[in-house]
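A quick write-up on the structure given underneath.
What follows draws every value from the coordinates through simple rules; no lab data is involved. Bear in mind the structure is a predicted one, so any value in this text is a computation, not a measurement. Reconstructed Cβ throughout: ideal geometry from the backbone, glycine too, with neighbour counts over all protein chains shown.
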Amino acid sequence: MKILIADDHALFRDGMRYVLQQLGDEVEIIEAANFPEALRRMEVSPKFDLVLMDLSMPGSEGAASVRQFHHRYPDAVIVVISGLDHREEIERVMESGAVGFISKSTPSKVMLNALRLVLEGGIYLPPQLLQVALPHDQPLSTPVGSRRQTNAHGLSTRQNEALTLLGRGLSNKEIAEIMGLAEGTVKIHIAAVYQVLHISSRFEAMRVAERMGLVPPKEQ
């Protein structure tokens with residue numbers, strides 16, 4: 001497994017090395033101390049399994065730099081690890097191409113589980129963000145300010161719709177087009193589905209969608 005850590009604090013990079021070594025016996029870690037250096041590292045060897053990126057390192061313009069990185073390397077699995085955890089910034093980051101956002105204050109055990117989730121094809125967001133309903137997640141029949149409605153499985157209308165489309169094997173981009181939402185918003189809905197149903201990959205999501213009767217079972 002090959003991982004790029006892009007952060008300007010050497011002490012943090014050292015700490016992340018310790019965490020990342022627990023992902024497997026053969027983990028190669030490449031470091032970059034600023035955003036331009038991170039791009040250079042990718043130019044030399046773009047075959048990284050995971051890219052961990054700070055938002056406020058030298059040369060970075062926050063979510064705009066995440067978008068630039070994703071545009072240049074669309075197959076890169078980007079997780080932002082930042083001391084900034086404002087909801088608006090997180091949403092911009094997810095819309096810019098990241099598949100995860102982890103606060104630097106997150107305990108190492110939780111951080112490790114979050115990275116495993118992402119490596120398995122999942123999406124990770126701070127639980128406190130997922131506890132707040134998105135503007136698009138409020139059913140039209142529900143009065144403003146009232147408690148959000150959920151189904152028997154604890155999913156909101158939008159989350160249930162996202163799970164149904166996941167069950168059909170659609171990509172995040174395809175789901176966003178069908179639901180009429182930004183791709184970043186869809187990622188937040190999917191992350192909430194994972195948390196509510198205690199699943200950790202798209203494959204599990206597809207199996208759960210089958211069991212819930214949202215999609216027809218795959219032929220054996």
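The table below gives the values:
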| quantity | calculated |
| --- | --- |
| Whole-Hz couplings from phi, Karplus 6.51/-1.76/1.60, listed for the stretch 176-191; x for Gly and Pro | 4, 5, 5, 7, x, 10, 5, 4, x, 5, 4, 4, 5, 4, 5, 4 |
| Given 10 as the ceiling on other Cβ atoms within 10 Å, longest exposed-site-free region of the chain for trypsin sites (Lys or Arg not before Pro) in DSSP loops | 48-146 |
| In Hz, Karplus ³J(HN,Hα) per residue of the stretch 101-114 (6.51, -1.76, 1.60; θ = phi - 60°; x = Gly, Pro) | 9, 10, 6, 5, 8, 5, x, 4, 5, 5, 4, 5, 5, 5 |
| Contact order relative to length of the chain, as percent, for alpha carbon pairs under 8 angstrom and 6 or more apart | 15 percent |
| Kirkwood-Stokes translational diffusion coefficient of the chain, alpha-carbon pairs, 25 °C, 0.890 mPa s, µm²/s | 135 µm²/s |
| Top of Leu39, Leu125, Leu166 by mean-square fluctuation, Gaussian network on the chain, Cα under 10 Å | Leu39 |
| Along each principal axis, Cα extent of the stretch 2-129, largest first, Å | 37, 31, 28 |
